[in-house]
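I have placed the structure first, in the form of structure tokens, so that the comments after it can refer back to it.
The values are calculated or read from the model by the stated rules, or taken from the named source; none is laboratory data. Computed from a predicted structure; not experimentally measured. FYI the Cβ positions are ideal-geometry reconstructions off the backbone, even for glycines, and counts take in every protein chain you see. Calculation scope for accessible area: heavy atoms of the full protein, side chains included, ligands and nucleic acids excluded. Shrake-Rupley method; radii C 1.70, N 1.55, O 1.52, S 1.80 Å.
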Amino acid sequence: MSSYYKILLHLVCLFLIVVSPIFGHTMGLGSCPKVDPVKDFTMDKFMGDWYVIQKFATSSSCMKYNFTRGDDGKMRLVQTRQHFILDTFGVDHIYTYTGLLSVPDSDAAGRMRVKFPLNVAGESEFVVFMTDYTTYAGIFTCQKILFGHSKSATILSRKSTLDKPIVNQIRQKLEEEGVDPDDFSIVDQSKCIPTNDANLNVKIDDKTFSAGNVADVVKKVRLNNNNNNIKYKYN
């Protein structure tokens, strides 16, 4: 692999660190729409792997969510995907982005807060508005920003596909809550790379760096070249 190609991948990776938080969201004026959470939501039943079937304004593929609780007792949302920018370069890669989940009110456990390390605006509302725990789920997220809000919604499935009638039910429910479902994009789950086969792995979580500390992270990025397999580690 040429030095030029390595440097190019390095720069693209750093670019993704900076711009990735803006993908998958749409902007609106005023306050966040009020979307009601599932009643009597049980997080323990919701834990585990989910495939992203549709998501607002995204071109990424092979997106998955994993809800887990660490040894430290904290709940985390681990998002993995293949980023469309790296797909353009023909790079076999996995992009992993982990946020911390919290439950402000145990009486409304489906209305959570999520904090991702690159989101300099802070926490976002994270609402599970539909789920049967075993087949499908609908999630709405929103964050107040200057002069308006940034919102997103996601349709999840325990399998890589979801029956169209269920998808339509979730979209309709969101519309009833005052959110336009036309912002959904279909997420392709057909050509996904196993994690062990990826030549490029980008992992960002709450232990990597704090929000607003991107400049320090850039200084710490190191490129490991082992038998032409490139892996980026952020420590």
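In table form, for the structure just shown:
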| read-out | value |
| --- | --- |
| Where a residue in region 181-198 is within 11 Å of residue 93 (Cβ to Cβ) and its partner, wherever it lies, is surrounded by 13 or more Cβ atoms within 10 Å (Cβ to Cβ), with Cβ under 7 Å and at least six apart | 193/82; 193/92; 193/94; 195/94; 197/92; 198/92; 198/93; 198/94 |
| Which numbered condition residue 155 fails, given (1) touching a residue at least 24 places away in the same chain (Cβ under 8 Å); (2) open to solvent by 20 Å² or more (accessible area, probe 1.4 Å) | (2) |
| Meets criteria (open to solvent by 20 Å² or more (accessible area, probe 1.4 Å) and either over 12 Å from the mean Cα position of the chain (by Cα) or β-branched (Val, Ile, Thr) (or both)) for residue 112 | no |
| Sole exception among (1) surrounded by fewer than 20 Cβ atoms within 10 Å (Cβ to Cβ); (2) farther than 20 Å from residue 125 by Cα for residue 60, by number | (1) |
| Residue match in region 222-233 (condition: assigned to a loop (DSSP other than H, G, I, E, B), within 26 Å of residue 101 (Cβ to Cβ), open to solvent by 50 Å² or more (accessible area, probe 1.4 Å) and modelled with pLDDT under 85) | no |
| Given (1) at pLDDT 95 or above; (2) more than 15 Å from residue 46 (Cα to Cα), number of the condition residue 91 does not satisfy | (1) |
